[in-house]
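The values are calculated or read from the model by the stated rules, or taken from the named source; none is laboratory data. If you're wondering where the values come from, they're calculated on a predicted model, not measured in any experiment. Don't worry about glycine lacking a Cβ; one is built from the backbone with ideal geometry, like all the others, and counts go over all protein chains shown.
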4 protein chains.
Amino acid sequence: MISFTCDYSEGAHPLILEALARTNMIQAPGYGEDPFCESAKAKIREACGTPDADVFFLVGGTQTNSTVIAAMLRGYEGVVAAQTGHIAVHEAGAVEFSGHKVLTIPQHEGKMHADELAAYLEAFHADGSADHMVQPGMVYISFPTEYGTLYSKAELEAIKAVCLRFGLPLFVDGARLGYGLASPGCDLTLPELAALCDVFYIGGTKVGALCGEAVVFPHGNAPAHFFTTVKQHGALLAKGRLLGVQFDTLFTDGLYLEISRHAIEMAKRVKAIFRDRLYIDSPSNQQFPILTPAEAEALRGKVQFEVWETLPDGRLVTRFATSWATTPEQVDYLESMVKP
Amino acid sequence: MISFTCDYSEGAHPLILEALARTNMIQAPGYGEDPFCESAKAKIREACGTPDADVFFLVGGTQTNSTVIAAMLRGYEGVVAAQTGHIAVHEAGAVEFSGHKVLTIPQHEGKMHADELAAYLEAFHADGSADHMVQPGMVYISFPTEYGTLYSKAELEAIKAVCLRFGLPLFVDGARLGYGLASPGCDLTLPELAALCDVFYIGGTKVGALCGEAVVFPHGNAPAHFFTTVKQHGALLAKGRLLGVQFDTLFTDGLYLEISRHAIEMAKRVKAIFRDRLYIDSPSNQQFPILTPAEAEALRGKVQFEVWETLPDGRLVTRFATSWATTPEQVDYLESMVKP
Amino acid sequence: MISFTCDYSEGAHPLILEALARTNMIQAPGYGEDPFCESAKAKIREACGTPDADVFFLVGGTQTNSTVIAAMLRGYEGVVAAQTGHIAVHEAGAVEFSGHKVLTIPQHEGKMHADELAAYLEAFHADGSADHMVQPGMVYISFPTEYGTLYSKAELEAIKAVCLRFGLPLFVDGARLGYGLASPGCDLTLPELAALCDVFYIGGTKVGALCGEAVVFPHGNAPAHFFTTVKQHGALLAKGRLLGVQFDTLFTDGLYLEISRHAIEMAKRVKAIFRDRLYIDSPSNQQFPILTPAEAEALRGKVQFEVWETLPDGRLVTRFATSWATTPEQVDYLESMVKP
Amino acid sequence: MISFTCDYSEGAHPLILEALARTNMIQAPGYGEDPFCESAKAKIREACGTPDADVFFLVGGTQTNSTVIAAMLRGYEGVVAAQTGHIAVHEAGAVEFSGHKVLTIPQHEGKMHADELAAYLEAFHADGSADHMVQPGMVYISFPTEYGTLYSKAELEAIKAVCLRFGLPLFVDGARLGYGLASPGCDLTLPELAALCDVFYIGGTKVGALCGEAVVFPHGNAPAHFFTTVKQHGALLAKGRLLGVQFDTLFTDGLYLEISRHAIEMAKRVKAIFRDRLYIDSPSNQQFPILTPAEAEALRGKVQFEVWETLPDGRLVTRFATSWATTPEQVDYLESMVKP
């Protein structure tokens, strides 16, 4: 059955498999000190417009979030996130496991608002009991968010301004970064994003790779001994080449954005299919149609999708995700099933 | 330059790449709930002779060690290991990061002795201050050890008997398990090993896979919610299929042991080359020749290898590792360089 | 200046100082194995009507909360609390420091509602992503709450019923337990409370002692090696006698409830003074008058109190606390200052 | 029965109890912001000759060690200690609980040697795998050591020089500091000690107080937000006055050293009693006589003492501790029992 459940239903982009096969028997050092990683880092630095960036390759999203956050916080600090932030809900407490609290503020279609962030931080510092509370130590946002929405350049600049005012680094979770940057609803380029944050990662797992996330400290500002922290968190791959070869391929000839744009094209068509019943106006690769239980039941026998939440009236918010691998034929089929 | 530095210098066995390519566009659920993982688990259960085993696929060795150990210990417990145990030295404190102490006992060519383990545990429980100390909560051994040595069946049974006497689970780190089982110096089969321990893992990264370790709880004795613990530790792969396809391939038609045997054949030849100057009589894929600094220097321009430690007299203990990928020609070349 | 800031502004009840002086030079074993602790434990077991209870003496509230919670949770579990729960806000992330998330649900004047707790747990278990989330592992409530309110017996039974239904232990933070039990608004006795929860503590620090909290596992259900966990958390006092002597005194001739009743009498008078402007109808020793900034400013030069929060209209919610040490003269003075 | 088991068998020095009684009903702010703490801090700064020192009062030794160590280390760092260091053995893994490894080096009568410390650090940095290992982040020594021995000024300077060379802070655990400084075998003054280390603590629990350890950052170099870290570790006392009053008393008119000197006088007499059978030549308040099992058995019915370890030949190393509370009559009695 055709699945729109998520953007990690297939393996890797064919060019990645080809590159893995081509380089397979070349001997290379372990732990990311191979020439494939070096090449990929150089291409990522160039794509980000950050010649001094420190780049590290980790394996998965939750791992990357918890490793980066633990490396950047002091023991008494927590990370501020929107209530729907992935780290706050769906990472099994990985941040808390490393000893830090996720400090949540309100969300609006998955995004935090700069003024609410400022208000939270002002209130914290005005609180006579602040010394008895977890100190806000960094700000986490996801781009796109868990609801497929995007921060505009102005919104991101406003958040960055608040971060600067309070001396907090800004961390952007880019597990689906390509699908954000490739969206027509995005007014940010990768270099603009890189310039605005203190650390971010370029998601590979959901954007064409078998696995892998490229962590970028754009200003050469990686925490001391980050390599050791990565190892300590179980996030260091012996065959780092697996990540190097993949990101080298994704950042050759603009493949990363090219396959992301394809996913967005497919998502636009999915959005059109459900036009009259969208929960959120998502500009990226995840669409959230509202279905009645009967509609969902009828559709379930034909295509796969996820149920995101249940509305008070019983209707279901569902999620249909496209990816680099989604074919026009799959969307045609979906359309024929939804509107027979 | 030809490298004998380690057993993770190349990519994956060609059959694995083929399988990845063949299955690439098949849509499958994420997080290890795909049919490839199911198939691989079934084959592993059969190979282990443990029809009730719980099997999980994690990504790397340090990650697997710290996740399994944290899942099996209570907060006040530590893990007993030989002083040279990988978890005690080369995992950047991953076990301590999860809150547990590594309790070390003496090592003999990388192995712990059952009687010394028993003596340690007896002394602990006889100590009037035991309540003020970390409680021993499990026993960790590596097979093969960090020095390439193997526990005999009798040695493992003796350790298991001590574990049973003190109510401690036995965990076998099998990062190089294939190279142990395939050694002529091994008098244990995989089912015999599985029967003797409470949890172990079958190393993929160093035995033909791009990445991946298969954790086996042979008696269906996985800790409750181990899936969530894996997620919490950043060890859950979204595209679990990457691990499933690889282990399915490795456990089809005996590939895992077949390629391990090849590595051992190559290692025997390396051992013969250095016969007169071995630091340890290793029966597996790692050999530890002693070289003078001059010899090492001369060789370094021709092949790559690791320096393991420096002896008091200034000579170097080096490590030459073979793997599934080592070719007879590479060993011929090494021989010609060593004995010109 | 007279202070109503908190209930830990003075030292200890005079009888405690007398007992400390009387027993001072008697030699006794350390770490809580002294006869004073034994005597205190026996009296606490009797007062609680729980002859099989395990009783431990710890030093302070935050320490007790984090130690008990860590001891009762498995690594993948979190603790459910009201949003205003002390562990969720004012303990500097002590629970997260030990690796666990505080899972918050709505609060109503500081209390959680049994039906909302049930709804939260139902939703959790119905969530298809539950395995990717922190598992609820216990329920935490404070009695009295951070807003001085009390659970009725019926409310506590309802919460307990939800706990039983979901297999979760119930932990009652009794940092101010005496001031709850002694309130006319309380329809629970200490034995009834003890019977309803799985672990609770009897606050000493705020109820007449220099320091100390008595943790009670009413059914003899202390976690294994809890002593070692206490030590590991830095919560074990070498001179455990300091805690033993104090609790022995507090539980001799009903002193604990007697001094608590006095505090409640004083609080009733404070409540009367501010009758027309109370933020919450608190039946215990903390009262929360609403003052205009001008009123607060005027009063501040005369008595000390705390500002709890600022209302949207700019008025201040303040806190006036009484204790075992509050004198009628102090309340007279307050009255004269407020109503001149 | 008279006990020489430890130096925490009695309550507090009578002057401390008097001070607690005298100040008991004075209202004061909580959490160490009271005038008693301020006064005590000023006196400690003066006694240490460190006018800029940051001083904090914590409750117990294990708690202080783990809080200070966690506050000073980054996540990837561990603390170097002698194998017999209290943190390495008898603190139930409190350091590991906060995520850090204790890195042990050899001990000599409880002390580390500067040259062995240097050799360890040199070897670490020369190790090609250093990035895969816990980074040494600070050095911990105890003064006096767990065996009652003392570092000479020259030895401490040598250790400090190694610390400076490797950029590591030096932490001195002074749980029994008074008994060290008051020993005729000590060639260090308190100001000299303070000048040589980066953080140390002045033990109260074992030197006349009911509880309490005064942490001193001699150069005003407390880690940022150390107050919050103390709270997070459950080490913040609500009634901080309890610690302030005690240390204020101990540092008034030289009481701390005076009562320490008394203990040393008593220890000298104990040492003389066992002169011909001492395990270690301890210059401080702990003496370690070697007794045959028969001798120990005979003595056990008359006085209390601790068995420290069993020698290979079956004889027992025992510990007899004196303290501020030991009376000449108690030592007379011991003498009469040992040499009847």
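Points to keep in mind about this one:
- Every pair of residues 6+ apart whose Cβ atoms lie under 9 Å, when the first sits in the stretch C:303-332 and is within 14 Å of chain A (Cβ to nearest Cβ) and in contact (Cβ under 8 Å) with a residue 24 or more places away in the chain while the second is of a type in the set (G, A, S) and surrounded by 22 or more Cβ atoms within 10 Å (Cβ to Cβ): C:Q304/C:S9; C:F305/C:A321; C:E306/C:A321; C:R319/C:G148
- Answer from A:G220, A:G167, A:G174 - the residue that is of a type outside the set (S, T, Y) and surrounded by 24 or more Cβ atoms within 10 Å (Cβ to Cβ): A:G174
- Looking across the stretch B:63-80 at every residue that is more than 13 Å from chain A (Cβ to nearest Cβ) and assigned to a loop (DSSP other than H, G, I, E, B), the one that is farthest from B:A214 (Cα to Cα) is identified as B:Y76.
- Filtered residues of the stretch D:36-62 (kept if within 14 Å of another protein chain (Cβ to nearest Cβ) and either within 20 Å of the chain's Cα centre (by Cα) or under 30 Å from A:A224 (Cα atoms) (or both)): D:F56, D:F57, D:L58, D:V59, D:G60, D:G61, D:T62
- In this entry, D:E335 is excluded by the filter for residues that are over 26 Å from C:N24 (Cβ atoms) and of a type outside the set (K, R).
- Any hit, the stretch A:170-193, residues being farther than 29 Å from A:Y279 by Cβ and of a type in the set (G, A, S): no
- All positions within the stretch D:31-53 that are crowded, with 19+ Cβ neighbours inside 10 Å, at negative phi and part of a loop (DSSP other than H, G, I, E, B): D:D34, D:T50, D:A53
- For the residues C:F274, C:F288, C:F305, C:F320, the requirement of being over 20 Å from C:G185 (Cβ atoms), of a type in the set (F, W, Y), modelled with pLDDT of 95 or more and not assigned by TED's automatic domain parsing to the domain that holds C:K111 singles out C:F305.
- Picking from residues in the stretch B:197-217 that are more than 12 Å from the chain's Cα centre (by Cα) and closer than 12 Å to B:R176 by Cα, the one that is surrounded by the most Cβ atoms within 10 Å (Cβ to Cβ) is B:G208.
- Conditions (1) away from chain C (no Cβ under 14 Å); (2) crowded, with 19+ Cβ neighbours inside 10 Å; (3) free of Cβ contacts under 8 Å to residues at least 60 places away in the same chain; (4) of a type in the set (G, A, S); number of the one not met by D:S260: (3)
- Options A:V139, A:V162: the member that is of a type in the set (V, I, T) and within 19 Å of C:G93 (Cα to Cα): A:V139
- Within the stretch A:231-265, the set of residues being of a type in the set (D, E, K, R) and in a helix (DSSP H, G or I) comprises A:K231, A:R241, A:D248, A:E258, A:R261, A:E265.
- Selection count, the stretch D:225-237, where residues are more than 11 Å from D:L58 (Cα to Cα) and at the interface with another protein chain (Cβ under 7 Å from one of its Cβ atoms): 4
- Residue match in the stretch A:273-288 (condition: surrounded by fewer than 21 Cβ atoms within 10 Å (Cβ to Cβ) and part of a strand (DSSP E or B)): yes
- Candidate set from the stretch D:311-339 (those that are part of a helix (DSSP H, G or I) and buried (at least 21 other Cβ atoms within 10 Å of the Cβ)); member that is farthest from the chain's Cα centre (by Cα): D:L334
- Strands (runs of 3 or more DSSP E) wholly inside the stretch D:81-186 containing at least 1 residues that are within 14 Å of chain C (Cβ to nearest Cβ) and closer than 30 Å to B:L311 by Cα: D:102-105
- Filter result for A:A21 (closer than 25 Å to D:K231 by Cβ, in a helix (DSSP H, G or I) and either without any contact (Cβ under 8 Å) to a residue 60 or more places away in the chain or within 9 Å of another protein chain (Cβ to nearest Cβ) (or both)): no
- Scanning the stretch B:10-30 for residues that are surrounded by fewer than 22 Cβ atoms within 10 Å (Cβ to Cβ) and of a type outside the set (A, V, I, L, M) returns B:E10, B:P14, B:E18, B:R22, B:T23, B:N24, B:Q27, B:P29, B:G30.
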